[in-house]
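The values are calculated or read from the model by the stated rules, or taken from the named source; none is laboratory data. Owing to the predicted nature of the structure, the values given are computational and were not obtained by experimental measurement. Every residue, glycine as well, gets a Cβ built from its backbone with ideal geometry; the counts of neighbours run over all protein chains shown.
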Amino acid sequence: MGVRALARELGVHPSTVSREVRAHQVQHWGLAEYDAELAHYRALASRPRRRQAKLTDPRLRREVVSRLNLKYSPEQVAGELKLAFPDRAELHVSHETIYQALYVQGRGALRHELTVAKALRSGRTERIPASKLPKRSSRPWLDGARLSERPAEVADRAVPGHWEGDLVVGPGNSGIVTLVERRTRYALLGRLPGVRDSKTVTDVLAAMIAGLPAELAKTITWDQGTEMAAHAAFTIATGCPVFFCDPHSPWQRGTNENTNGLIRDFYPKGTDFNKITDAELADVQTLLNIRPRQTLHWRKPYDKLNELITGVALTT
């Protein structure tokens, strides 16, 4: 049969048959002939070898699962294992291997060993579109407190004590106040008592930072929500001024946006925070602050803030 006849018989393009024949010819008595056995051998040899999954090691698997159950991300797990076992290469694993074990190998068999409902907090499959909200009306409480008037030292995160804040809200006028320190990524959570007016929010905020040394409560950056309209009274009471981002610019307080995303892993949208106890919220705060963070070179926010507090105490 000719090349075109073969192609019709096999249901492929003639050039496919032609390339296959040319690639796997051998010489027999001066004649070039196609060798199917040789072609098959070459095809097998060219296949990428499957590497044995590293998470088959029982000790490593236990270490990975225990951290996933604390809601660490695969990258956080991989980073902390290197710090925890610096001389134990067999207990090191890449975050990609963890992802593969969760979502590819054996239809995500590793997920069945977890006590948490899901291993990754983000279920998003595409980017969120830019805001299409109309421009905000004039808000007199912003005067003198815009981001352009915030101290320049806040921008590079070199100086501790500068925070970003927001509300995470739920039905029934429920919600929690979230604060995160820009340098250490340490998070504070405060539950609202079923009211979200400005005085209530600023009162909860003041209670949240009351235990901090003054050196670690220098500024707070917020969005332009009306819940902070009473910020002037808050600043007088605490000595901590509040500055406001530009409209529709969440990246200007990106650390807090990221933290709120982590909180939604514990409390999905629709959660009624009026039914969440203070003890439960404190447990979530602890879990957030004992996670190793890549931006901290896999150190934990809890440890970083404690180092700052200790340093402040030694100098006073």
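With the structure loaded, tell me whether GLY225 is within 20 Å of ASP143 (Cβ to Cβ) and modelled with pLDDT under 95 or whether it fails that test. Taking the combined requirement at face value, the residue satisfies it.
Candidates are the residues of the range 273-308 that are of a type in the set (Asp, Glu) and under 25 Å from GLY170 (Cα atoms); the one that is nearest to the chain's Cα centre (by Cα) is ASP283. Of all the criteria given as (1) closer than 29 Å to PRO268 by Cβ; (2) surrounded by 16 or more Cβ atoms within 10 Å (Cβ to Cβ); (3) modelled with pLDDT under 85; (4) in contact with a Leu (Cβ under 7 Å, 6 or more places away or on another chain), the one not satisfied by GLN100 is (4). Every condition in (1) assigned to a helix (DSSP H, G or I); (2) more than 30 Å from SER94 (Cβ to Cβ) is met by LEU189 except one, and the failing one is (1).
Among the residues of the range 221-237, those that are polar (S, T, N, Q) and either crowded, with 20+ Cβ neighbours inside 10 Å or in contact (Cβ under 8 Å) with a residue 40 or more places away in the chain (or both) comprise THR221, GLN224, THR226.
Exactly one residue among GLY175, GLY211 is farther than 21 Å from GLN252 by Cα and modelled with pLDDT of 95 or more, and that residue is GLY175. For the residues ALA187, ALA207, the requirement of being among the aliphatic types (A, V, I, L, M) and surrounded by fewer than 17 Cβ atoms within 10 Å (Cβ to Cβ) singles out ALA207.
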